[in-house]
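Q: Here it is, the structure, as structure tokens.
The numbers here are math on the coordinates, done by the rules we state, and not lab data. Keep in mind it's a predicted model, so treat the numbers as computed, not measured. Because the Cβ atoms are built from the backbone with ideal geometry, glycine has one as well, and the counts that use them run over all protein chains shown.
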């Protein structure tokens with residue numbers, strides 16, 4: 001099933017998810033360094049990483065919803081996509097709440113703010129795995145006719161053009 005929201009021939013949603021999936025879990029590592037050193041700068045860095053990670057996650061959510069809407073009802077892909085979306089929404093809520101709790105003192109987050117972030121990382125792992133299942137296993141977002149020798153997405157030619165059945169099988 002080919003993605004509907006594309007930029008230069010590639011699905012937009014997978015282009016955006018590395019930012020929140022990198023920034024949000026890394027913010028927890030900076031919280032750990034803060035807890036070990038007591039240096040407030042680490043907590044402040046975590047505060048801003050969460051802000052940017054949540055903003056990036058919201059952008060990814062828009063394009064993920066566009067792609068999910070196109071997945072046919074009654075398929076395993078739709079069920080996995082819904083769980084993926086709910087998990088992603090949950091992690092966004094957990095990190096947003098963590099960020100809100102830090103607003104008054106970005107350099108000194110409370111234990112609850114850090115626990116919310118840790119729980120968010122757990123959901124990020126599940127969400128990332130489900131996204132991989134959708135893309136790599138179920139083919140959601142993959143170009144029709146994709147194969148190992150498909151032409152560049154910038155060529156304007158369809159992925160299946162000029163291919164043989166053997167090339168498509170890889």
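Q: Normalising by the residue count of the chain, find the relative contact order in percent from Cα pairs under 8 Å and 6+ residues apart.
A: Value for the chain: 26 percent.
Q: If you work out semi-axes √(5λ) of the Cα gyration tensor in Å from the coordinates, which of (i) 56, 17, 13; (ii) 38, 16, 13; (iii) 24, 18, 14 do you get?
A: So the calculated entry is the one marked (ii).
Q: Calculate the length of the line joining the C-alpha centroid of the stretch 1-63 to that of the stretch 115-148, in whole Å.
A: 15 Å
Q: Report the residue, chosen from 147, 84, 13, that carries the largest GNM mean-square fluctuation when the chain is represented by alpha-carbon nodes joined by springs under 10 Å.
A: Sorting by GNM fluctuation, first place goes to 147.
Q: Can I ask one more? What FRET efficiency comes out for the pair residue 4/residue 126, r = Cβ-Cβ distance, R0 = 25 Å, nearest 0.05?
A: 0.50
Q: Next up: So how far apart, in nm, are the two label points at residue 75 and residue 103 if each is 7 Å from Cα heading toward Cβ?
A: With each label placed 7 Å out from Cα toward Cβ, I get 4.1 nm.
Q: If you don't mind, there's one more thing I want to ask. Treating the angle as unsigned and between 0 and 90°, give the value, to the nearest 10°, between the Cα long axis of helix 76-102 and the longest Cα principal axis of the chain.
A: 20 degrees
Q: In deg cm²/dmol, rounded to 500, what helix-only [θ] at 222 nm does the chain give when every DSSP H run of at least 4 residues adds -39500 (n - 2.57) and the total is split over its residues?
A: -22000 deg cm²/dmol
Q: Angle, helix 18-37 long axis vs. longest principal axis of the chain, Cα atoms, 0 to 90°, nearest 10?
A: 20 degrees
Q: Mind giving me the FRET efficiency for residue 65 and residue 118? R0 is 30 Å, r the Cβ-Cβ distance, nearest 0.05 is fine.
A: Result of the calculation: an efficiency of 0.65.
Q: Right, next: Taking only Cα atoms, what is the 0 to 90° angle, nearest 10, from helix 111-132's long axis to the longest principal axis of the chain?
A: 10 degrees
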